[in-house]
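A short reminder: the numbers here are calculations on the coordinates, not readings from a lab. Every value quoted in this text rests on a predicted model; they were computed, and no experiment measured them. Note that we place each Cβ from the backbone using ideal geometry, even for glycine, and neighbour counts take in every protein chain shown.
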Amino acid sequence: MNANLGITIVMNRLKNYTDKYFEEMNKKLTSVDISELNQLTSLIIKTHKNGKKIIIVGNGGSASIASHLVVDFINAATIKAISFNDPSMITCFANDYGYENWVSKALGCYSEAGDLVILISSSGQSKNMLIGAKKAKSMNVGVVTFTGFLPDNPLRLVGDINLWVDSGEYNIVEMTHHVWLLAVVDYIIENKSEYNT
């Protein structure tokens, strides 16, 4: 096969793939229930005004999303926020209490009544997130969930606000969560003079 023809075939396949991918991504991004984003934004601002903090937790790619959001919250929005991404803490709690219990243990150490925890889980079935949600509720900590996959996933059923992506593809779900959350953060950053007085 001619090398130039091979490159053309690959480029055409890539274009077809990315056209479909970005079309699907756009559908998921715009499927958000704006009323739920409004509720989340209000809850974050209320938590901040009450002198409490935002805690954001995820596994894998969702943990990276949590870290990004915390940086934007504390640096640009001037809102107290933390994530639990210290490997020493995670491995200590996982080793001593079991991986499924490390989020609950971290919340027990770092959260207090009136805080808000955002739990991010693509499948909505991660045991550590489910047990963490139960712990948060027992401590009077607000719970917001970001999930995907099955519409009746167990994590989606336990939050005060539950945002769900109708997809079974990890990267589609994770990137949709990321953009939805960043939209909230960016709104707060642009309007922080209204609540940061």
Could you give the C-alpha radius of gyration of the range 62-103 expressed as a fraction of 2.2 N^0.38 Å, taking N as the number of residues it contains?
-> 1.35
The answer for ALA81, listing residues at least 5 apart or on another chain whose modeled amide H is closer than 5 Å to its amide H, is ILE54
Short version: ³J(HN,Hα) in whole Hz for each residue of the range 64-71, in order, from phi by Karplus 6.51 cos²θ - 1.76 cosθ + 1.60 (θ = phi - 60°), x for Gly and Pro, what are they?
-> 5, 4, 4, 4, 4, 5, 4, 4
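Per residue and in Å³, how big is the convex hull formed by the alpha-carbon atoms of the range 33-194? Before the final figure, lay out the partial values.
On the way: hull volume 15.8 nm³, N = 162.
That works out to 98 Å³ per residue.
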Give the order of CYS92, CYS109 when sorted by the count of other beta carbons within 10 angstrom, beginning with the fewest.
-> CYS109, CYS92
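Could you grab the relative contact order for the chain? Cα pairs under 8 Å, six or more apart, rounded to a whole percent. Kindly include the intermediate steps, with their values, before the conclusion.
Details: 295 pairs, mean separation 41.8, N = 197.
Computed value for the chain: 21 percent relative contact order.
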Rank these for me by crowding, SER35, SER121, SER67, SER83, going from fewest to most other beta carbons within 10 Å.
-> SER35, SER67, SER83, SER121
Taking the chain and counting helices only, DSSP H stretches of n ≥ 4 at -39,500 (n - 2.57) each over all residues, the nearest-500 ellipticity at 222 nm comes to -18500 deg cm²/dmol
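Could you line up HIS68, HIS178 from fewest to most neighbouring Cβ atoms inside 10 Å?
Numbers: HIS68 16, HIS178 19.
Least crowded to most crowded, the residues run HIS68, HIS178.
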